[in-house]
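Working notes, beginning with the structure itself.
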Amino acid sequence: MLQRLYIEHYALIERLTLSLDKGMTVITGETGAGKSILLGALSLILGQRADVKAIQEGQSRCLVEAEFDISSRDLSDFFEQHDLEYSPDSCLVRREIYANGKSRAFVNDSPVSLGLLKDLTLQLIDIHSQHQNLLIGTNKFQLEILDALVADPSLAEAHLAAFHHLRALEAELTALNEALAKSKAEEDYLRFQVDQLNAANLSTGEIEALEAEWALLSHAEEIQQGLGRLFSLLDNDEGGLVSQLHQAHVQADSLKRHYPRMADYEERLNTAYIDLKDMTADLDVLLNDVEVNPARLEQIGDRINLLYDLQKKHRVNHPDELIPLRDELTATLDAIEHADDKRAQIEKARSVAEKEAIRTAATLTEARQQVSKPLIQRLTSMLKQLGIPNARFDVAFIPQPLGPTGMDLIRFLFSANKNVTLQPLEDIASGGEMSRIMLCLKSIMAEHLQLSTLVFDEIDTGVSGEIAYRMGEIMRDIAANRQVLCITHLPQIAALGRNHFKVRKTETKAANQTTVTLLTQEERLMEIAQLLSGANVTEAAILNARHLLAENNT
């Protein structure tokens, strides 16, 4: 139940706080006073699109805040699922709209998305506007009414899931067929690429090793000559460094016998002699290892050219990247070769999914047909009470191709007169008849749904007199177990409310402002009298208003 509504800087409302009660509350006011502004503010709470033009001139933002009594509902699972602070008694919802076009939404002071805000508030409040009288003529809206009456909402959810699964498999099959058609055309070239990469016998790090070997072989003769000269300097028959260092060591060894200070030098010369002799032996090995091999050099060059040609051909940054590319092309080729098996698997799964989607759709159709029968009877009976004695109503189920909502095209059929064939509701019903049908549907749906608050915006359009009173009685009956807010211009309905608010527009030097006030009994009497007689309230209108209010209080 909506306990409190606070509006700030919205349209003509500077600041407004409404404290609301259970039962039926009526809201009246002259045309243009701002009744629609209240609905616009409430629509923001329901997550509807915001218009920055609604922000009061000169202000940077507007704010709408609603406090709901949720003690009659168990919403703990919803709040836990979305990680929101939960109180079993109340819920505070706030919407802020900024002049720069941005908006923010909050539930119990936690920021939420508009989608989440809508998911929550649609469980708390239902707003009927005159626009819905047009929607009732659409097949989509008529289908939604039936689905709302189906006792098990999981039926529609199960079908939607089955249908999406079917569509996903169909999309996968289409994508596979398209990819295969393209791949089949390229299969020969793909196989050539794979064979070429396999023949290359690729290995990681090969190009670096080849380039190092190529650099050595391409300078082998020059390296050999240098090593030979270096070896000759160290060790030759004419007195190389090794021989001379040996002689120096011998001389130092002889000196230390008589000159002890030479012992250290003798040891160092001996170490140098041994190191140089070992180095000479290593150089001899290196000299024998370096080989001038033009055939191997040509072979390595050809291999390097092959790897770089493949790199350029396949547009990779390094020859090593050819290896994962080879594996990828091999997998693609393998997929083409085994495509028929995969396609058969998907087609089998699609066939199973189609049967399941048809089954869930048939179950949904059966459930809709079951609820349509009492709907027809109840609606026809209520319409007769609302001044359409010859009313006939039916629900036509027109088979349709499988879709997300099943296999039904729903069409409400209606006739208000004898000997007049049932026709689509939108083609035959007048505005007043549409209003009565919509109210009846809302009444029936209210019995099945757990909505605690219903808002009716001039649902009485096109009716008056006794029919208006009967419509008011239906709304009062709905309000017996929930909250009903009714915006009306008819005194017969206004007199039935438990509480009565009046919307006024006042003009000041600065700007126009909309205010909403709770009427006292005397003020209410005069408001209803004014609705009866117009601006000039007559004694007869006052007596009539008093009579209407007295009937309401009995």
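Side notes on the structure shown:
- Full-extension gain in nm, His318 to Arg15, via 0.36 nm per residue minus C-alpha separation: 102.1 nm
- Spin-label proximity, Leu283 to segment 230-263 - amide N less than 19 Å from point 7 Å beyond Cα toward beta carbon: 230-249
- Net dipole in debye of segment 181-337 [+1 Lys, Arg Cβ; -1 Asp, Glu Cβ; about Cα centre; nearest 20]: 360
- Modelled label positions at Arg257 and Asn100, each set 7 Å beyond Cα in the direction of Cβ, lie 10.1 nm from each other.
- Rel. contact order, % - alpha carbon contacts under 8 angstrom, at least six apart, segment 206-310: 42
- With Cα atoms, 0 to 90° folded angle of helix 539-553 axis to the chain main axis: 60
- Helical mean residue ellipticity (222 nm; -39500 (n - 2.57) per DSSP H run of 4+; nearest 500) of the chain: -18500 deg cm²/dmol
- Counted residue by residue at 0.36 nm each, then reduced by the alpha carbon distance between them, the extension gain from Ala209 to Ala550 reaches 112.2 nm.
- Pair Ala331, Asp195: separation of 7 Å Cα→Cβ label points (nm): 2.4
- Think of segment 141-234 as a dipole: +1 on every Lys or Arg Cβ, -1 on every Asp or Glu Cβ, centred on the Cα centre; then among Gly205, Leu190, Ala215, Ala215 lies furthest on the positive end.
- When you restrict to C-alpha pairs under 8 Å that are six or more residues apart and normalise by the size of segment 367-441, the relative contact order lands at 26 percent.
- Under 19 Å from Lys182, Cα to Cα: lysines that are on another chain or at least 8 residues apart: Lys342
- Mean separation of Cα contacts under 8 Å (6+ apart) over length of the chain, as relative contact order %: 22
- Loop-located trypsin sites (Lys or Arg not before Pro) in segment 425-514, at most 16 other Cβ atoms within 10 Å (DSSP): Arg498, Lys509
- Degrees between helix 431-448 axis and first principal axis of the chain (Cα, 0 to 90, nearest 10): 70
- Cβ-defined net charge surrounding Glu30, 14 Å radius [Lys, Arg +1; Asp, Glu -1]: +1
- Entries of Lys118/Lys505; Lys35/Lys102; Lys348/Lys373 with Cα pairs more than 32 Å apart: Lys348/Lys373
- Answer label, with P(r) over Cα pairs in 20 Å bins from 0, in percent calculated from the coordinates and candidates (1) 19, 50, 28, 3; (2) 16, 36, 26, 15, 6, 0; (3) 15, 29, 18, 13, 11, 9, 4, 0: (3)
- Extending 7 Å from Cα along the Cβ direction at Asp152 and again at Glu178 yields two label points whose distance is 3.8 nm.
- Listed by chain and number, the aspartates and glutamates placed with their C-alpha closer than 12 angstrom to that of Lys384 are Glu433; residues fewer than eight positions away on the same chain are left out.
- Debye-sum result for segment 181-337 in log10 I(q)/I(0), which assumes one identical scatterer on each alpha carbon, at q = 0.19, 0.20, 0.21 Å⁻¹: -1.09, -1.15, -1.20
- Angle of helix 263-289 to the longest C-alpha principal axis of the chain, folded into 0 to 90 degrees and rounded to 10: 70°.
- Part-to-part distance (alpha-carbon centres) for segment 459-517 and segment 342-418, which is given in Å: 35
Since every read-out is calculated from the coordinates, none of them should be taken as a lab result. Since the model is a prediction, treat every value here as computed from it, not as a measurement. A quick note on method: Cβ atoms are made from the backbone with ideal geometry, for glycine too, and the neighbour counts reach across all protein chains shown.
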